[in-house]
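K.L.:
Have a look at the structure that comes next, please.
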Amino acid sequence: WIVALRAAFPRSPVLVCHRQYNYVPGILPFPVVVLQKVDEDQAQQYIRDYLRERGGPDHGQRAETLIKLLLKSEDYKHVRDLAQTPLFLWMLVERYCATKSLPESRGPLFNDFSRWYLEERYHQEHEEAVPLKHTYDEKARLLGSLGHELVQLRETKLPETSLESLASKDPNWRCIADEVIAAQMLEHEEGDLRYLHQ
């Protein structure tokens, strides 16, 4: 339908952003732009700009402290490679703004990431209606069961039908799963479920 849209409206610009790993090169007859990793100079500039925009009289000092911690210190080399990805660089800087610290491992950062998605914080910050009925903990339990099963089976996706047996202890499992899918933590495709953000 994207190609048909382009053919029907040739003067309308079309941009397709593909963020998954299963992209088939050449599937669309458009020029391809590949986003490269964020280099150290770009990361430093982003940190300075972000903290300057957030304000505060000490934003320059905080930016230099964060740059030294994230990009230079051996204590945080385990999260440094994440700063090469725009989303995770933003999360690291945002976490630093909120807590004045960096995570000691990837775990706390991914916990922040999960909460940000499952609680639909973006929509709340922009005062958009978010029809959440279930708690983060309920959704995390469902995702944990699914993740455990994927690891046990050495798979990246599971048939949706297997979710009922994994989550059958919770009578609301279907509604919880729908909220997780709507929050874009899980992808639902052709009867299978997989983590959207690998």
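K.L.:
Hey, among G107, G56, which residue is within 22 Å of the chain's Cα centre (by Cα) and either surrounded by fewer than 11 Cβ atoms within 10 Å (Cβ to Cβ) or small (G, A, S) (or both)? Working first, answer last.
P.N.:
Details: G56 fails: within 22 Å of the chain's Cα centre (by Cα).
Only one candidate qualifies: G107.
K.L.:
Give me the pairs, please: first residue somewhere in region 80-100 and in contact (Cβ under 8 Å) with a residue 12 or more places away in the chain and part of a helix (DSSP H, G or I), second residue anywhere and open to solvent by less than 40 Å² (accessible area, probe 1.4 Å) and of a type in the set (G, A, S), beta-carbon distance under 7 Å, and either six or more positions apart or on two chains.
P.N.:
A83/A43; L89/A43; L89/A83; L92/A83
K.L.:
Ok, one more. Going through region 41-53 one residue at a time, which ones are open to solvent by less than 70 Å² (accessible area, probe 1.4 Å) and free of Cβ contacts under 8 Å to residues at least 24 places away in the same chain?
P.N.:
Here is the first cut: in region 41-53, the ones open to solvent by less than 70 Å² (accessible area, probe 1.4 Å) are 43-44, 47, 49-51.
Once the filter is applied, which keeps residues that are open to solvent by less than 70 Å² (accessible area, probe 1.4 Å) and free of Cβ contacts under 8 Å to residues at least 24 places away in the same chain, region 41-53 yields only D49.
K.L.:
Okay, moving on. Can you pull out the residues in region 140-198 that are surrounded by 14 or more Cβ atoms within 10 Å (Cβ to Cβ), part of a loop (DSSP other than H, G, I, E, B) and touching a strand residue (DSSP E or B) at 6+ places or on another chain (Cβ under 6 Å)?
P.N.:
Within region 140-198, E160, L196 meet the criteria.
K.L.:
I've got another one for you. K100 passes all but one of (1) under 15 Å from the mean Cα position of the chain (by Cα); (2) on the phi > 0 side of the Ramachandran plot; which number fails?
P.N.:
(1)
K.L.:
Just one of (1) modelled with pLDDT of 85 or more; (2) in contact with a helix residue (DSSP H, G or I) (Cβ under 8 Å, 6 or more places away or on another chain); (3) outside any loop (DSSP other than H, G, I, E, B) trips up V38, so point out which.
P.N.:
Of the numbered conditions (1) modelled with pLDDT of 85 or more; (2) in contact with a helix residue (DSSP H, G or I) (Cβ under 8 Å, 6 or more places away or on another chain); (3) outside any loop (DSSP other than H, G, I, E, B), the odd one out for V38 is (3).
K.L.:
Something else now. Checking the structure you have, find out if any residue of region 14-28 is assigned to a helix (DSSP H, G or I) and either open to solvent by 90 Å² or more (accessible area, probe 1.4 Å) or at pLDDT 90 or above (or both).
P.N.:
Quick first cut of region 14-28, residues assigned to a helix (DSSP H, G or I) only: none.
The answer is no; no qualifying residue exists.
K.L.:
Sticking with this one: State yes or no: is K68 open to solvent by 90 Å² or more (accessible area, probe 1.4 Å), under 28 Å from T156 (Cα atoms) and among the basic types (K, R)?
P.N.:
Working: open to solvent by 90 Å² or more (accessible area, probe 1.4 Å): yes; under 28 Å from T156 (Cα atoms): no; among the basic types (K, R): yes.
The answer is no for K68.
K.L.:
Further, regarding this structure: In region 29-40, how many residues are within 23 Å of the chain's Cα centre (by Cα) and either surrounded by 12 or more Cβ atoms within 10 Å (Cβ to Cβ) or under 30 Å from I67 (Cβ atoms) (or both)? Before you say what the answer is, go through the steps one by one.
P.N.:
Residues of region 29-40 that are within 23 Å of the chain's Cα centre (by Cα), as a first pass: 32-40.
In the following step, the residues that additionally are either surrounded by 12 or more Cβ atoms within 10 Å (Cβ to Cβ) or under 30 Å from I67 (Cβ atoms) (or both) were identified as 33-40.
Of the residues in that region, 8 qualify.
The values are calculated or read from the model by the stated rules, or taken from the named source; none is laboratory data. The model shown is predicted, which means the values in this text are computed figures rather than measured ones. Neighbour counts run over all protein chains shown; Cβ positions are idealised from the backbone, glycine included. Surface accessibility is based on the protein's heavy atoms, side chains included, excluding ligands, DNA and RNA. Shrake-Rupley method; radii C 1.70, N 1.55, O 1.52, S 1.80 Å.
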